[in-house]
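Computed from the coordinates by the stated procedures, all read-outs in this text should not be read as laboratory data. Everything quoted here is computed from the prediction, not taken from an experiment. We place every Cβ from the backbone using ideal geometry, glycine too, and count neighbours over all the protein chains shown.
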Amino acid sequence: MSQNQYWQDKVVIVTGGASGMGRDVCLTLAARGARVVIGNRSAAAGEALLAEIRAAGGQALLRSTDVSRAADCEALVALAMDSYGRLDGAFNNAGLQRAFNPIHATPDADLSEVIDINLKGVLYMMKYEAAAMLRNGGGAIVNNASIFGLKAMPETAYYVASKHGIVGATRAAALDYATQGIRVNAVCPGPIKTPSYDRVTGGDDHICTTTGCPCTASASPARSLKPCSGCSPTRPPMSPAAPCRWMAAWSPSERGRQWRTRNDQSTQLCGGGNPAFGSLDGAGREAYRSAGRGGGSRPVRAPARRREVPAPAGHPHRGPGQHGHGLRAG
């Protein structure tokens, strides 16, 4: 089955759909025949995207949506169900980042806003999406996390916490619905050229290729730029169109490839298809085996657990007694 055949008349919700990654996903889905339900805080930007999709012959609906409000999230899912009678997929993409600050200097308003939108917004959307998908026999949810859902970055504790929370929520929700035909995954992209990225870099597309990651640039203009653990000093940021390949996470043919690393760009796909990612206990692994990747036909093979081994004497990471962790053996 071709991609266009697979997506024909599928109903998919995209939050934060009028900008950056969300916008490109909406356009690609609509071009492939999906019926896209767009949630976006800016009604003007959403209307412009809606007009563009319809002018190209696509099907789409729009609702002005603030994902930090449970009622808005419920109403967006209700729009999809009332208009099309089902919900097949969702890309929970809405999110934002505020100023770089160490945690003691982070304004309460920034902390609350980012947690409310990035983390609570994903939880609210999954709550209502899963309920709708249970009514129509299954579906697939993709949450947009970040490389900083797996690693850390200085002066963004509130943002890193929100993205780690998305990854954790994805793990748990994948287990919740593993036997009920709903697949739940998260994407963890590295640098993506979006309006948010441009606010950090000042619009310099080559800043990562020359001086490293701009993650600390905003905190102090006089500070030299240094690469962080999540960004590549050798590659420019990806186009927003790159996440369109992540839509394969919704496709049944992709259930066996639910974890990827894209070289040093650190674009990763994780969640419902990988028991090791959730550190499942025996019961969790058995649920996945029984479910066949959340509704698929083939069982999941649970990888062997890694074991902790002590570091050599004098090693800076000597072990749990000194630093809270040891070296890992595969």
Check: How do Asp24, Asp116 rank when sorted from fewest to most other Cβ atoms within 10 Å of their own Cβ?
Finding: Asp116, Asp24
Notebook entry, point to check: Based on Cβ point charges of +1 for Lys and Arg and -1 for Asp and Glu, what charge dipole magnitude is obtained for the range 63-129 about its Cα centre, in debye rounded to the nearest 20?
Noted result: 100 debye
Item checked: Peptides ranked, highest mean first, by Cβ atoms within 10 Å: ranges 162-174, 65-77 -> 162-174, 65-77
Notebook entry, point to check: Taking 0.36 nm per residue of separation and subtracting the Cα-Cα distance, what length does fully extending Ala99 through Ala55 add?
Noted result: 12.1 nm
Check: Toward the positive end of the charge dipole of the range 27-146, about the Cα centre and with charges on Cβ (Lys, Arg +1; Asp, Glu -1), which of Thr106, Leu96, Ile53 goes farthest?
Finding: Ile53
